[in-house]
Amino acid sequence: MSTDGTPSRSRRGDAGTTIALLVALVAALLPLLTVIAPGTWTLLCIAGPAALLLAGYLARRWGVPAVAVTLIEVALWILGTTAVFFSDVAWLVVLPTLETIERVPLLLEEAVAAITVGVAPLEATPAVT
């Protein structure tokens, strides 16, 4: 709160918070390395959130409203996820199609089956990662 009792605006694009969040995400990822065999997915699980955090940080620094920052990050997440898991059926590699959406439940079913009956460390299949 400011001295006159009105709520103060938060700082735009706080780099310290962004870096701390990335460090926390990487720390949370470490236990997964004992459950899922390390591989390319490990790099993607660090690079993906780092890219989203960077996009959010830059958007806030440039004064983009918070709701728009959220929408930008959701759009980037959808494009990135489509490119990684469904590029063979996506339009221009990153834009989801109806077939992309139809494949999501199948991928989730495969993941649940692997987690339910699998033994650690699980093979790093697209469904599990």
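The values are calculated or read from the model by the stated rules, or taken from the named source; none is laboratory data. Quick caveat: nothing in here was measured; it's all calculated off a predicted structure. Glycine also receives a Cβ, built like all others from the backbone with ideal geometry; neighbour counts cover every protein chain displayed.
Of all residues in the stretch 114-129, those satisfying the criterion of being surrounded by 12 or more Cβ atoms within 10 Å (Cβ to Cβ) and either modelled with pLDDT of 95 or more or among the small types (Gly, Ala, Ser) (or both) are Ala114, Gly118, Ala124, Ala127.
In a helix (DSSP H, G or I), of a type in the set (A, V, I, L, M, F, W, C) and under 14 Å from the mean Cα position of the chain (by Cα): is that true of Ala59 in this structure? Here the answer is no, as Ala59 does not meet what is asked. Within the span defined as the stretch 76-92, one or more residues are assigned to a helix (DSSP H, G or I), closer than 22 Å to Ala15 by Cα, modelled with pLDDT of 90 or more and not aromatic (Phe, Trp, Tyr). For the stretch 71-90, the criterion of a residue being touching a strand residue (DSSP E or B) at 6+ places or on another chain (Cβ under 7 Å), surrounded by 11 or more Cβ atoms within 10 Å (Cβ to Cβ), among the small types (Gly, Ala, Ser) and under 19 Å from Ala127 (Cβ atoms) is satisfied by no position.
Pick from the stretch 14-39 the residues that are in a loop (DSSP other than H, G, I, E, B) and of a type in the set (A, V, I, L, M): which of them is nearest to Gly118 (Cα to Cα)? Give the steps one after another, and end with the answer.
First pass over the stretch 14-39, keeping only residues in a loop (DSSP other than H, G, I, E, B): 14, 35, 37-39.
Still in the running and of a type in the set (A, V, I, L, M): 35, 37.
On the way: Val35: 10, Ala37: 12 Å.
Going through the qualifying residues, I end up with Val35.
With respect to the conditions (1) assigned to a loop (DSSP other than H, G, I, E, B); (2) within 17 Å of the chain's Cα centre (by Cα), Thr125 lacks only one, and its number is (2).
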